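To start, the structure itself, in structure tokens.
The values are calculated or read from the model by the stated rules, or taken from the named source; none is laboratory data. Quick caveat, the model's predicted, so the values are computed rather than measured. Cβ placement follows ideal geometry from the backbone for every residue including glycine, while neighbour counts extend to all protein chains displayed.
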Amino acid sequence: MRHWPIVAPLFGVVLLGAAAFLPPHPVLLIVLCAALVGAVLAAVHHAEVVAHRLGEPLGTLVLALAVTVIEAGLILALMLSGGPASAALARDTVYAAVMIICNGVVGLCVLVGGLRHREQAFRVEGASPALEALVALATLTLVLPSFTTSAPGGAYAPSQLVFAGVCSLALWGVFVFAQTVRHRDYFLPPSAVDGDAHLPPPSVGAAAASGGLLVVSLVAVVGLAKALSPTIEAVVQAAGVPDSVVGVAIALLVLLPETLAAVRAAAANRLQTSMNLALGSALASIGLTIPAVASASLLLGIPVVLGLDQKDLVLLALTFVVAAITFAPGRTSIMQGAVHLVVFAAFLFLSLVP
């Protein structure tokens with residue numbers, strides 16, 4: 001059993017290759033789902049090994065960056081195969097990722113941490129600029145396209161798309177520099193509450209092996225999610241719910257490793273790690289995905305729709321107001337977690353019943 005973190009991702013990759021040549025079958029779908037769960041758990045394990053070796057905030061950045069890069073690749077692959085019908089897929093997936101992270105992940109972490117430890121603390125100096133950058137990026141990429149007039153239907157004109165992509169990448173780069181170099185102390189735990197702080201860090205070889213297996217695990221997660229996407233789309237069509245639910249489902253699957261890692265950190269009284277992971281993932285989701293999508297759109301002529309509708313604009317604004325109130329004092333309890341989870345439940349419900 002102690003070798004399962006090695007076996008699970010390798011099995012997922014092998015199964016992914018075999019699934020390309022096997023006909024669809026209910027048993028195969030069950031095995032794919034089981035392999036997806038195993039790859040997610042393996043990714044969390046290896047991410048924690050790497051994080052313990054690198055320390056904060058580099059450890060959380062590794063998982064956030066790896067997941068986002070592969071998430072962007074999955075979106076591009078689905079857009080290339082889907083044609084004009086998938087023009088809004090990037091918008092739906094990025095918006096869903098922001099809502100899942102800022103409401104679902106943050107709310108679950110705060111609630112679990114509050115139930116186990118009553119109150120938890122984190123550094124406002126790190127959370128505040130991260131939230132500020134996230135609000136700016138989300139407004140620039142998801143809100144403004146609904147109000148600009150150079151292109152119809154919530155789309156950016158080519159020059160506007162270039163501007164949004166460059167600004168997104170630049171702002172994310174500045175945040176990473178501040179997080180890892182200039183103001184690294186802003187993202188360190190406010191006190192020695194880390195239960196793993198006294199454990200010896202893994203060796204360089206063990207950390208490097210876990211880093212490689214982390215990449216394999218994430219490739220398996222995203223590949224299996226893509227293999228299951230036709231089934232998800234068929235279920236969505238059979239249920240008669242909006243097509244945007246596909247983006248929500250993809251985001252939920254891809255963000256599973258980060259969600260489990262963040263919740264486990266909060267349960268271990270390491271809320272700072274949870275906040276670093278959540279906010280860093282949300283920023284990377286926009287800061288890396290939008291430039292990649294913009295480049296593909298301009299080079300390959302793929303249509304891209306980024307502007308949100310009125311319902312989603314209201315939910316996004318509500319999310320940022322609630323997040324600003326939660327992050328302001330630097331301390332959390334179960335009440336803040338409950339509020340975030342209610343907003344998350346509203347997002348899921350209104351995605352199904354718009």
Among (1) in contact (Cβ under 8 Å) with a residue 24 or more places away in the chain; (2) part of a helix (DSSP H, G or I); (3) buried (at least 17 other Cβ atoms within 10 Å of the Cβ); (4) more than 18 Å from the chain's Cα centre (by Cα), which single condition is THR273 missing?
(4)
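Which residues, taken from region 294-313, are within 14 Å of GLY154 (Cβ to Cβ) and of a type in the set (A, V, I, L, M, F, W, C)?
Going through region 294-313, the residues within 14 Å of GLY154 (Cβ to Cβ) turn out to be 297, 303-313.
If the condition is that a residue be within 14 Å of GLY154 (Cβ to Cβ) and of a type in the set (A, V, I, L, M, F, W, C), then VAL304, VAL305, LEU306, LEU308, LEU313 are the ones that fit.
Let's see how each residue does on (1) aliphatic (A, V, I, L, M); (2) touching a Lys or Arg at 6+ places or on another chain (Cβ under 6 Å); (3) in a helix (DSSP H, G or I):
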| position | (1), (2), (3) |
| --- | --- |
| PRO242 | no, no, no |
| ALA251 | yes, no, yes |
| THR259 | no, no, yes |
| ALA265 | yes, no, yes |
| ALA278 | yes, no, yes |
| ILE286 | yes, no, yes |
| PRO291 | no, no, yes |
| GLY337 | no, no, yes |
| PHE344 | no, no, yes |
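Quick check on region 314-325. Is at least one of its residues closer than 18 Å to GLY154 by Cβ, of a type in the set (A, V, I, L, M) and touching a residue at least 60 places away in the same chain (Cβ under 8 Å)? Before you say what the answer is, go through the steps one by one.
Applying the first criterion (closer than 18 Å to GLY154 by Cβ) to region 314-325 yields 314-317.
Next, from what is left, pick out any that are of a type in the set (A, V, I, L, M): 314-317.
Still in the running and touching a residue at least 60 places away in the same chain (Cβ under 8 Å): 315-316.
Within region 314-325, one or more residues are closer than 18 Å to GLY154 by Cβ, of a type in the set (A, V, I, L, M) and touching a residue at least 60 places away in the same chain (Cβ under 8 Å).
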Return yes or no: is ALA88 at pLDDT 75 or above, under 25 Å from ALA296 (Cα atoms) and of a type in the set (A, V, I, L, M)?
yes
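Restricting to region 225-234, give me the number of residues that are closer than 16 Å to ALA251 by Cβ and of a type outside the set (Lys, Arg). Write out each step before concluding.
Keep residues of region 225-234 that are closer than 16 Å to ALA251 by Cβ, which gives 225-226, 228-229, 232-233.
Filter once more, so that each one left must be of a type outside the set (Lys, Arg): 225, 228-229, 232-233.
Number satisfying all stated conditions: 5.
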Filter result (among the polar types (S, T, N, Q) and either modelled with pLDDT under 95 or surrounded by fewer than 19 Cβ atoms within 10 Å (Cβ to Cβ) (or both)) within region 301-325
GLN310
The one condition in (1) assigned to a loop (DSSP other than H, G, I, E, B); (2) out of contact with any Phe, Trp or Tyr (no Cβ under 8 Å at 6 or more places or on another chain) that VAL219 fails to fulfil:
(1)
Taking the options ALA136, ALA121, ALA170, name whichever one is of a type in the set (A, V, I, L, M, F, W, C) and closer than 21 Å to LEU308 by Cβ.
ALA136
Filtering region 15-36 for residues that are out of contact with any helix residue (DSSP H, G or I) (no Cβ under 9 Å at 6 or more places or on another chain) and β-branched (Val, Ile, Thr) leaves a count of 2
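Inspect all residues belonging to region 299-311 and state whether any of them is of a type outside the set (A, V, I, L, M, F, W, C), out of contact with any strand residue (DSSP E or B) (no Cβ under 9 Å at 6 or more places or on another chain), part of a helix (DSSP H, G or I) and under 26 Å from LEU214 (Cβ atoms). Write out each step before concluding.
First, pick out the residues of region 299-311 that are of a type outside the set (A, V, I, L, M, F, W, C): 301, 303, 307, 309-311.
Narrowing the set further to residues that are out of contact with any strand residue (DSSP E or B) (no Cβ under 9 Å at 6 or more places or on another chain) leaves 301, 303, 307, 309-311.
From what is left, the residues that are part of a helix (DSSP H, G or I) are 310-311.
Narrowing the set further to residues that are under 26 Å from LEU214 (Cβ atoms) leaves none.
Checked region 299-311: no residue is of a type outside the set (A, V, I, L, M, F, W, C), out of contact with any strand residue (DSSP E or B) (no Cβ under 9 Å at 6 or more places or on another chain), part of a helix (DSSP H, G or I) and under 26 Å from LEU214 (Cβ atoms).
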Is there any pair with a first residue in region 216-239 that is closer than 27 Å to HIS45 by Cα and a second that is modelled with pLDDT of 80 or more and among the aromatic types (Phe, Trp, Tyr) whose Cβ atoms are under 9 Å apart and which are 6 or more apart or on different chains, and what are they?
ALA220/PHE11
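Out of VAL50, VAL14, VAL44, report the one residue that is of a type in the set (Val, Ile, Thr), at pLDDT 80 or above, under 26 Å from LEU283 (Cβ atoms) and assigned to a helix (DSSP H, G or I). Can you show your working first?
Values: VAL14 fails: under 26 Å from LEU283 (Cβ atoms); VAL44 fails: at pLDDT 80 or above.
Unique residue meeting the criteria: VAL50.
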